[in-house]
Every structure is written in C-alpha cells, then in structure tokens.
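Structure first, then comments.
The values are calculated or read from the model by the stated rules, or taken from the named source; none is laboratory data. This one's a predicted model, so the numbers in the text were calculated from it and none came from an experiment. Methodologically, a virtual Cβ is constructed for each residue, glycine included, from the backbone with ideal geometry; neighbour enumeration extends over all protein chains shown. Surface areas here come from the heavy atoms of the whole protein model, side chains and all, with no ligands, DNA or RNA. Shrake-Rupley method; radii C 1.70, N 1.55, O 1.52, S 1.80 Å.
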Amino acid sequence: QVQLVESGGGLVQAGGSLRLSCAASGTTGSTYAMGWFRQAPGKERMFVAAISFSGGITYYGASVKGRVTISRDNARNTVYLQMDSLKPEDTAVYYCAAAHSTVVYTIERMYAFWGQGTQVTVSS
C-alpha cells in the first residue's frame, strides 16, 4: 500500500551538493519513521540517515555525519536528504524507506517499505 519514489539524484563533482527527495503515498493518517540508505556497486546496502515522524529525532551514519541533513514535510508527504561536501565514495544508489513505527531505526531489516532508488554519482 505504501509507495515511495526517490528523485534528485544526478552527477556532481566532488565537494558539490545534492538534495534528494522521497515522495510517499499511502502514509497519510499513519505514523512512519523514514530512513535513507545507499548501495554502491559490489557493496552492501548501508545506513545513511533516519528521522522520526515528528522530525524531532534524527540519526546519521558515521560515514556521512556532518555532511548530510535529513528532514521531512509531512504536509507534503515528502522526506529530503540534503548532501553537501560530496565525495567520490558517496557514489551509490540512494533508497528511501519507511517503517510503520514511532521508533527510529538504523538497520534496514526494520523498514518494510522501500523506493526504487535514485543514482548519485560523484566525480573526482
């Protein structure tokens, strides 16, 4: 029932910025924590950021802390990931995910709903 669609990916030079968006449907009237994960070719999916339903609690993966900011606009059913000071190692497909819970999760198995992903490529 829940559908998530990511957008905003693209090609950016090292040190540049991107803002990813995740449009959610089927979540109105329910409480969902949201998260962002990424997966590079040949590597496992890893945690990037997560945010509580109210937006008051956020978590970040160690590799991106200080360089990314997660936020959400529940009126628009949209979650954002602002990424700054991008590095080539940030190159990956970025996925948003939703968990029907007031608890904020940092591990992917706790998220039941996933988008198709958006490609981010950072050139050196």
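The residue list V12, V64 contains one member that is part of a strand (DSSP E or B), of a type in the set (V, I, T) and either in contact (Cβ under 8 Å) with a residue 24 or more places away in the chain or at positive phi (or both), which is V12.
Tell me whether the stretch 97-117 contains one or more residues that are within 22 Å of S17 (Cβ to Cβ) and assigned to a strand (DSSP E or B). No - not one qualifying residue is present in the stretch 97-117.
For the stretch 30-83, give me each residue that is hydroxyl-bearing (S, T, Y) and touching a strand residue (DSSP E or B) at 6+ places or on another chain (Cβ under 6 Å).
Here is the first cut: in the stretch 30-83, the residues hydroxyl-bearing (S, T, Y) are 30-32, 52, 54, 58-60, 63, 69, 71, 78, 80.
Result: Y32, S52, T58, Y59, Y60, T69, S71, T78, Y80.
Annotation note: Cβ proximity below 7 Å between a residue of the stretch 99-124 that is within 28 Å of A14 (Cα to Cα) and a residue that is open to solvent by 60 Å² or more (accessible area, probe 1.4 Å) and part of a loop (DSSP other than H, G, I, E, B) (sequence gap 6+ or interchain) occurs for E108/R45; V122/K87. Checked against (1) open to solvent by 70 Å² or more (accessible area, probe 1.4 Å); (2) within 15 Å of the chain's Cα centre (by Cα); (3) over 23 Å from G26 (Cβ atoms), Q116 passes all but condition (3).
Taking the residues in the stretch 69-94 that are out of contact with any helix residue (DSSP H, G or I) (no Cβ under 9 Å at 6 or more places or on another chain) and aliphatic (A, V, I, L, M) as candidates, determine which candidate is surrounded by the fewest Cβ atoms within 10 Å (Cβ to Cβ).
At the first step, the residues of the stretch 69-94 found to be out of contact with any helix residue (DSSP H, G or I) (no Cβ under 9 Å at 6 or more places or on another chain) are 69-82, 84-94.
From what's left, aliphatic (A, V, I, L, M): 70, 75, 79, 81, 86, 92-93.
Details: I70: 23, A75: 6, V79: 29, L81: 27, L86: 22, A92: 22, V93: 18.
The selected residue is A75.
Just one of the numbered conditions (1) assigned to a strand (DSSP E or B); (2) open to solvent by 40 Å² or more (accessible area, probe 1.4 Å); (3) closer than 17 Å to M110 by Cβ is not true of W36: (2). Of all residues in the stretch 40-68, how many are surrounded by 14 or more Cβ atoms within 10 Å (Cβ to Cβ) and either more than 16 Å from C22 (Cα to Cα) or at pLDDT 95 or above (or both)? Residues flagged as surrounded by 14 or more Cβ atoms within 10 Å (Cβ to Cβ) and either more than 16 Å from C22 (Cα to Cα) or at pLDDT 95 or above (or both) within the stretch 40-68 amount to 17.
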